[in-house]
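**Q** Sending over a structure as structure tokens; questions will come in a sec.
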Amino acid sequence: MRLLLIGPPGSGKGTQAVRIGDHFGIAHISSGELLRQHVEQNTPLGRSIQAYLESGDLVPDGIVMDVLRKPVELASRQGGYILDGFPRTVAQAEAAYEVAKELDAWVQVALYLEVPRDELIGRIRARGRASGRSDDTQAVLNHRLEVFDQLTVPLLDYYAKREVLVTVDGSLPVDEVTAAVIDELTRVRPALR
Ligand code: AP5
């Protein structure tokens, strides 16, 4: 099973990806987590991308593709993956499509977690107080939301045209969102298993 998870900051991509990955026995791959690990480990790549993460801008496509290529190839050979936070732009989706062609492993479903703006802001404020993630300040969050609207929202149309887009109400409690996704993937799209 090969899934993408699309949603604005705070929509629950990370939360749901872990649960869905565990349920279906597929790898959870988070572009944001992989990039943050480089920054935390102070690798040369981490030093070159730190400013993007702190400002809420997207990291350049080539770097993101390099970081993701190996884990995605490995997971494709081992039962599949749920990819959280990639692609983020139509250009990334097109680059991913080229890699998928090489691997003969196309994306089967793009899940969109839809959540009202007020709810997103409340969740990120609460997390920022608890975790201290450097991009969870109000100013950076506003920019992350703008980036989502401008660069990521067009992806919804891109995947809808390819008939793989599934929209889920991400404003429900965590367990209910997970149940809705699992229901969609098992009952509505049984051919995926
Ligand atoms: P990334 O790590 O992907 O961050 P994000 O998209 O801003 O998303 P968040 O991690 O803030 O939220 P989430 O949707 O995962 O929600 P979560 O489950 O954590 O990206 C960070 C940065 O990396 C980007 O800004 C960019 O610089 C770079 N980057 C990453 N991918 C890139 C790419 N492809 N290209 C270029 N650059 C890239 O939940 C949030 C909070 O809400 C938590 O506290 C959680 O407990 C709570 N919560 C979750 N679900 C619910 C619920 N249903 N009800 C109530 N609370 C909930």
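**Q** If you take the residues of segment 68-99 that are β-branched (Val, Ile, Thr) and at pLDDT 95 or above, which of them is nearest to the ligand (Cβ to nearest atom)?
**A** Per the criteria, the residue is Thr89.
**Q** Any residue at all in segment 62-77 that's of a type outside the set (A, V, I, L, M), within 23 Å of Gly10 (Cβ to Cβ) and either surrounded by 15 or more Cβ atoms within 10 Å (Cβ to Cβ) or in contact with a Lys or Arg (Cβ under 8 Å, 6 or more places away or on another chain) (or both)?
**A** Looking only at segment 62-77, we keep the residues that are of a type outside the set (A, V, I, L, M), and these are 62, 66, 69-71, 73, 76-77.
Adding the requirement that they be within 23 Å of Gly10 (Cβ to Cβ) leaves none.
No; the residues of segment 62-77 include none that is of a type outside the set (A, V, I, L, M), within 23 Å of Gly10 (Cβ to Cβ) and either surrounded by 15 or more Cβ atoms within 10 Å (Cβ to Cβ) or in contact with a Lys or Arg (Cβ under 8 Å, 6 or more places away or on another chain) (or both).
**Q** Just give me the residues in segment 26-53 being in contact with a Gly (Cβ under 6 Å, 6 or more places away or on another chain) and more than 7 Å from the ligand (Cβ to nearest atom), in sequence order.
**A** Selection gives Ile26, His28, His38, Val39.
**Q** Go through segment 119-193 and tell me which helices (runs of 4 or more DSSP H), entirely inside it, have 1 or more residues that are over 12 Å from Pro9 (Cα atoms), more than 15 Å from the ligand (Cβ to nearest atom) and of a type in the set (Gly, Ala, Ser).
**A** Filter on segment 119-193 gives 154-161.
**Q** For segment 127-143, does any single residue satisfy the condition of being modelled with pLDDT of 95 or more and within 16 Å of the chain's Cα centre (by Cα)?
**A** Within segment 127-143, none of the residues are modelled with pLDDT of 95 or more and within 16 Å of the chain's Cα centre (by Cα).
**Q** I've got another one for you. Name every residue in segment 100-118 that is in a loop (DSSP other than H, G, I, E, B) and more than 16 Å from the chain's Cα centre (by Cα), in order of residue number.
**A** Once the filter is applied, which keeps residues that are in a loop (DSSP other than H, G, I, E, B) and more than 16 Å from the chain's Cα centre (by Cα), segment 100-118 yields Asp104, Ala105, Trp106, Pro116.
**Q** Would you confirm whether any residue within segment 133-148 is among the β-branched types (Val, Ile, Thr) and out of contact with any helix residue (DSSP H, G or I) (no Cβ under 8 Å at 6 or more places or on another chain)?
**A** Yes: segment 133-148 contains one or more residues that are among the β-branched types (Val, Ile, Thr) and out of contact with any helix residue (DSSP H, G or I) (no Cβ under 8 Å at 6 or more places or on another chain).
**Q** Which condition breaks for Leu53 when tested against (1) part of a helix (DSSP H, G or I); (2) open to solvent by less than 10 Å² (accessible area, probe 1.4 Å)?
**A** Against the list (1) part of a helix (DSSP H, G or I); (2) open to solvent by less than 10 Å² (accessible area, probe 1.4 Å), Leu53 comes up short only on (2).
**Q** Evaluate segment 22-30: report whether one residue or more is modelled with pLDDT of 95 or more, surrounded by fewer than 19 Cβ atoms within 10 Å (Cβ to Cβ) and closer than 28 Å to Gly132 by Cα.
**A** Scanning segment 22-30, I find at least one residue that is modelled with pLDDT of 95 or more, surrounded by fewer than 19 Cβ atoms within 10 Å (Cβ to Cβ) and closer than 28 Å to Gly132 by Cα, so the answer is yes.
**Q** Another question about this same structure. Out of all the residues in segment 100-118, which are open to solvent by 50 Å² or more (accessible area, probe 1.4 Å) and either within 14 Å of the ligand (Cβ to nearest atom) or free of Cβ contacts under 8 Å to residues at least 60 places away in the same chain (or both)?
**A** Lys101, Glu102, Leu103, Asp104, Glu114, Pro116, Arg117, Asp118
The values are calculated or read from the model by the stated rules, or taken from the named source; none is laboratory data. Quick caveat: nothing in here was measured; it's all calculated off a predicted structure. With ideal geometry, Cβ positions are generated from the backbone for all residues, glycine too; neighbour counts draw on all protein chains shown. Please note that ligands, DNA and RNA were not included when accessible areas were found on the heavy atoms of the full protein model with its side chains. Shrake-Rupley method; radii C 1.70, N 1.55, O 1.52, S 1.80 Å.
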